[in-house]
C-alpha cells in the first residue's frame, strides 16, 4: 500500500475519533436545564459501560469459560466495593487459573 | 513488587504524585496489554512498527483502531474507513456530553481541546465517578499513564512480537472489562433505577449482538442504541431528583486493597 494512502487513512481515522470527543465538550458550556436530559445523562455512564461489557467480555479471553469466571469474580469484588485495580487483578487471576485448569483437563480427555 | 512499593510511597505522601495519575495507573496497565495485542496485530498485517505507533498516538482508541487498520489492510476507500470508525466512535459524543456537565466552570477552549484527546471509555468511566468537578489538571493527570501505556504497549507489541506468553495475554484481555464492572456494581447494588438501566442495556446489547435480524447494527450501533434506549427509559421511568453525578463507592486507584 502507498504511503500517501496509509497516512491519509490514519489521518481520517484520527479525525473521526477526535471530533466526537471534542464537539460536545466545546459546544456545551454550563449546565443543561432539562430535567429529562439531566436524568438521561445520569444514566448514560451505567448504560454505556454495561453495554460495552456484555456480551463483549465473553470474547475477551481465549475461552468463554475463563471469561465467565473472570466476569463472576469482577461482579463479586465489584459488589463489595473493591478498587478498580483489585477487581482488575482478581478477574485477570481468575481467567488465568481457569485457563490453566482447562489446559490440564484437556490433557486427560 | 515494585507497584506495591510505589503505592506505599504515595500513601505515605513520600512522593507528591497527583491523585489523577494514581487513578490512571490501572487503566495504563490494562492499556499496555490491549495495545500490545494491537501492535502485534498491525505488524502481522504489514504495517511498520513506526506507522503502527502513529495510529495509536493519533487515535488513542481500541475498537476504532482495530477496525480501521483492518480496513486499511483491505485497501478500502477512505470514505468507508471514515464511516466505520465514526460509527464505532460515536459513543464518545455521549461520554463527552456527559463530561461537559462535570467539567469545572471556567475551563477554557484550549483546555477543553486538550482534554478531548484523552476521552477513552476507561478515562471517562473513572472521571465521571469522581465526587468533585473535573479540573483540567485532574483530567490531564488521569490521562497521562493511559496514554503512555497505550503508546508504549503498541510499540512494544510491534517491536517484540509474541514475547508475552499467550496465556498471560488472554488473561489480561479481561482487565479493562473488569474495571467497567467495578465502576457500575456498587451503584447497581444501591440504586434500583440504575440496576434497571444496567439490565436493560445488557439485554439490548446482547440481543443486538446475537439475533441475526440485527446483524447490520453490530459494531458501533450496538453500544449507542443500547445506551440511548436504556438511559432514556431510565430518565422516563425514574427521573433523577437531585441529578447528582454518579459516584462509584470504590476507592479508585487509592491502592488500599492492594
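The values are calculated or read from the model by the stated rules, or taken from the named source; none is laboratory data. Being a predicted model, the structure only gives us computed values, none of them experimental. Cβ sites come from the backbone with ideal geometry, for glycine too, and all protein chains shown count toward neighbours.
Listed here are the residues, each with its yes/no results for (1) crowded, with 18+ Cβ neighbours inside 10 Å; (2) in contact with a strand residue (DSSP E or B) (Cβ under 6 Å, 6 or more places away or on another chain); (3) assigned by TED's automatic domain parsing to the domain that holds residue B:40.
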{"residue": "B:140", "(1), (2), (3)": "yes, no, yes"}
{"residue": "B:157", "(1), (2), (3)": "yes, no, yes"}
{"residue": "B:171", "(1), (2), (3)": "yes, no, yes"}
{"residue": "B:185", "(1), (2), (3)": "yes, no, no"}
{"residue": "B:199", "(1), (2), (3)": "no, no, no"}
Checklist entry - Taking region A:67-85 on its own, how many of its residues are within 7 Å of chain B (Cβ to nearest Cβ) and farther than 14 Å from residue B:185 by Cα? => result 3
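Anything in region A:20-40 that is within 7 Å of chain B (Cβ to nearest Cβ) and outside any helix (DSSP H, G or I)? List them, or say none.
Going through region A:20-40, the residues within 7 Å of chain B (Cβ to nearest Cβ) turn out to be A:20-26, A:28, A:31-32, A:35-36, A:38-40.
Those that are within 7 Å of chain B (Cβ to nearest Cβ) and outside any helix (DSSP H, G or I): A:28, A:31, A:32.
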Checklist entry - For region A:81-91, does any single residue satisfy the condition of being at positive phi and modelled with pLDDT under 95? => result yes
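Table: residues versus (1) buried (at least 23 other Cβ atoms within 10 Å of the Cβ); (2) more than 27 Å from the chain's Cα centre (by Cα); (3) at the interface with chain B (Cβ under 7 Å from one of its Cβ atoms).
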site	(1), (2), (3)
A:13	yes, no, yes
A:18	no, no, yes
A:42	yes, no, yes
A:47	yes, no, yes
A:58	no, no, no
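Would it be correct to say that residue A:63 is surrounded by fewer than 20 Cβ atoms within 10 Å (Cβ to Cβ), more than 7 Å from chain B (Cβ to nearest Cβ), touching a residue at least 12 places away in the same chain (Cβ under 8 Å) and more than 14 Å from residue B:183 (Cα to Cα)?
Numbers: surrounded by fewer than 20 Cβ atoms within 10 Å (Cβ to Cβ): yes; more than 7 Å from chain B (Cβ to nearest Cβ): yes; touching a residue at least 12 places away in the same chain (Cβ under 8 Å): yes; more than 14 Å from residue B:183 (Cα to Cα): yes.
Considered against the rule, which asks whether it is surrounded by fewer than 20 Cβ atoms within 10 Å (Cβ to Cβ), more than 7 Å from chain B (Cβ to nearest Cβ), touching a residue at least 12 places away in the same chain (Cβ under 8 Å) and more than 14 Å from residue B:183 (Cα to Cα), residue A:63 comes out as yes.
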Item to check | Filtered residue count, region B:213-242, keeping only those that are within 7 Å of another protein chain (Cβ to nearest Cβ), under 17 Å from residue A:53 (Cα atoms) and modelled with pLDDT of 90 or more | outcome: 2
Checklist entry - Taking region B:169-203 as the region of interest, how many residues are more than 7 Å from chain A (Cβ to nearest Cβ) and within 24 Å of residue B:61 (Cα to Cα)? => result 2
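Considering each of B:103, B:119, B:128, B:115 in turn, give the residue that is buried (at least 19 other Cβ atoms within 10 Å of the Cβ) and either touching a strand residue (DSSP E or B) at 6+ places or on another chain (Cβ under 7 Å) or more than 21 Å from residue A:28 (Cα to Cα) (or both).
Working: B:119 fails: either touching a strand residue (DSSP E or B) at 6+ places or on another chain (Cβ under 7 Å) or more than 21 Å from residue A:28 (Cα to Cα) (or both); B:128 fails: either touching a strand residue (DSSP E or B) at 6+ places or on another chain (Cβ under 7 Å) or more than 21 Å from residue A:28 (Cα to Cα) (or both); B:115 fails: either touching a strand residue (DSSP E or B) at 6+ places or on another chain (Cβ under 7 Å) or more than 21 Å from residue A:28 (Cα to Cα) (or both).
Exactly one residue qualifies, and that residue is B:103.
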Checklist entry - Are there any helices (runs of 4 or more DSSP H) wholly within region B:19-132 with 1 or more residues that are farther than 23 Å from residue B:178 by Cβ, more than 8 Å from chain A (Cβ to nearest Cβ) and at pLDDT 90 or above, and if so which? => result B:49-59, B:109-117
Next on the checklist: So, residue A:87, is that one assigned to a helix (DSSP H, G or I) and over 21 Å from residue B:31 (Cα atoms) or not?
Outcome noted: no
